[in-house]
1. Evaluate the following for Cys333: is it at pLDDT 95 or above and over 22 Å from the mean Cα position of the chain (by Cα)?
2. Taking the residues in the range 6-38 that are touching a helix residue (DSSP H, G or I) at 6+ places or on another chain (Cβ under 7 Å), more than 8 Å from the ligand (Cβ to nearest atom) and part of a helix (DSSP H, G or I) as candidates, determine which candidate is farthest from Phe292 (Cα to Cα).
3. Which numbered condition in (1) away from the ligand (no atom under 14 Å from the Cβ); (2) without any contact (Cβ under 8 Å) to a residue 40 or more places away in the chain; (3) more than 22 Å from Ala266 (Cβ to Cβ) is the only one that Val199 fails?
4. Counting only residues that are touching a residue at least 60 places away in the same chain (Cβ under 8 Å), surrounded by fewer than 16 Cβ atoms within 10 Å (Cβ to Cβ) and either in a helix (DSSP H, G or I) or within 16 Å of the ligand (Cβ to nearest atom) (or both), how many does the range 249-267 have?
5. I'd like to verify a number: residues in the range 282-300 that are of a type outside the set (Ser, Thr, Tyr) and within 10 Å of the ligand (Cβ to nearest atom), how many?
6. Select, from Ile124, Ile183, the only residue that is more than 16 Å from the ligand (Cβ to nearest atom), touching a residue at least 60 places away in the same chain (Cβ under 8 Å) and closer than 26 Å to Ile197 by Cα.
7. Tell me, yes or no, whether the range 99-115 has at least one residue that is touching a Pro at 6+ places or on another chain (Cβ under 6 Å) and at pLDDT 90 or above.
Amino acid sequence: MSENPNHPKRPYPLERTRNIGIAAHIDAGKTTLTERILFYTGMIHRIGEVHDGATVTDHMEQERERGITITSAAVTCEWIQKKNDGVFKLFENQKERINIIDTPGHVDFTAEVERSLRVLDGAIVVFCGVAGVQPQTETVWRQADKYQVPRIVFVNKMDRTGADFESVFADVKAKFGVNAVRILIPIGSEENLQGQIDVVNMKAVIYKDDDTMGSTFDINDLEGDLLAEAESAREELVSILCDCDEQLGEKFLMEEEITSADIKAALRRATIANAVVPVAGGSAFKNKGVQFLVDAVVDYLPSPLDIPAAVGHEPGDEEVEVLAKTDDNEPFCSLAFKLWADKYVGKLVFFRVYSGTVSKGDMAYNPRTRKKERIGRLIKMHADKHEDIETCYAGDIAAIVGLKSVQTGDTICEQKFDIMLEPPLFPEPVISMA
Ligand code: GDP
């Protein structure tokens, strides 16, 4: 636990946190998608800016000037989900915290991708709706397999000429040999991309021209072919889920009614167990498809609580396994996954807390150097600002200022906790903003 007994109580429940990465072949639209997610999540809190014409990119420029960018390593955003168990309950909103961890897109950086995969709990893998599965995404896919990262596929650029959702869906199944299931089907394509069908909740949306999502409606209000497509996708989804999820399979055998809430819960379990890969289609451009995708991240990708513990070993003996349990009341243990030299703030150590809590002013112990250093500042990155925080909790991702001797892959923990987490595979230099 924190050495500071007065640290504030956890401000949000851990089950509403998602630590995700966005991976893609270069040019598939990862940056656009990340910006759109940040823009959209930011919009909720800064509605005035939409009318002012400000975008996250503008904020990014300002951040660059100040020396911290949203692409530095990890950025936190908040999302208010409007649907609950398949029913839209507009007044029962929940706030979700989504930490987006940067996974570099260039082929030269696959080592860096691998490193960031260690600290995230789930990923969105972006494919271009025209190009389909491309070589670099195959590399990232294999790396995600190695760390068993649950993932959602987003077939992007559905508005472009030649875009074909079904062909990319088939490609994903064939090339990766996975149980891919359609969860968000685009309505129309190319210049006629009009909306999206949510197969699980049996809802559809027609986009508005002004970058907003439009209101949702029941799929029974859709025209013939689209309704048939949605129903057949739902049947396929249920059939695959019944094969890999015992609870749902049993309901099916007992001929009990299978509701959207049942499918949603089974899909979440199956995705976390890597038994299925949900596939969504849309366009990161102008937000067309992004909102439902963020809902899907919350609905189907794991929270830190779904991963009960990080595995480490005793510092002096790799044979002796030690677990860092996902719990605020356990001793503090975290992994430094990226170093960043900021010209104003100084050396930032991005870290993921696995167990316990840590507060500004605490002493951080590094089992590699056997040294303790004081934590000068704790910083959380948001789309348009960085925020000084007092305390980090189990499952959090943030940055520490003031640690001089930490390297990427170091465990940072309480001295009494005899643990060293598995270090990342490759050494990493400090990246400088200058
Ligand atoms: P990254 O290399 O994966 O980060 O790709 P970018 O986000 O930089 O996108 C590459 C290019 O594709 C840019 O010119 C984007 O504007 C464009 N782009 C990204 N997403 C979409 C989309 O959904 N539709 C269209 N038409 N263009 C897109």
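1. Details: at pLDDT 95 or above: yes; over 22 Å from the mean Cα position of the chain (by Cα): no.
Considered against the rule, which asks whether it is at pLDDT 95 or above and over 22 Å from the mean Cα position of the chain (by Cα), Cys333 comes out as no.
2. Leu14
3. (3)
4. Looking only at the range 249-267, we keep the residues that are touching a residue at least 60 places away in the same chain (Cβ under 8 Å), and these are 259-261, 263-264, 267.
This time we only want the ones that are surrounded by fewer than 16 Cβ atoms within 10 Å (Cβ to Cβ), so: 259, 261.
Now drop any that are not either in a helix (DSSP H, G or I) or within 16 Å of the ligand (Cβ to nearest atom) (or both), which leaves 261.
Count: 1.
5. Filtering the range 282-300 for residues of a type outside the set (Ser, Thr, Tyr) gives 282, 284-299.
Among the residues that remain, those that are also within 10 Å of the ligand (Cβ to nearest atom) are: 282, 284-290.
Of the residues in that region, 8 qualify.
6. Numbers: Ile124 fails: more than 16 Å from the ligand (Cβ to nearest atom).
The match here is Ile183.
7. no
Listed here are the residues, each with its yes/no results for (1) among the aromatic types (Phe, Trp, Tyr); (2) within 16 Å of the ligand (Cβ to nearest atom).
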site	(1), (2)
Glu166	no, no
Gly177	no, no
Gly188	no, yes
Phe217	yes, no
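The values are calculated or read from the model by the stated rules, or taken from the named source; none is laboratory data. Note that this is a predicted model, so its numbers are computed, not measured. Cβ atoms come from the backbone with ideal geometry, glycine included; neighbour counts cover every protein chain shown.
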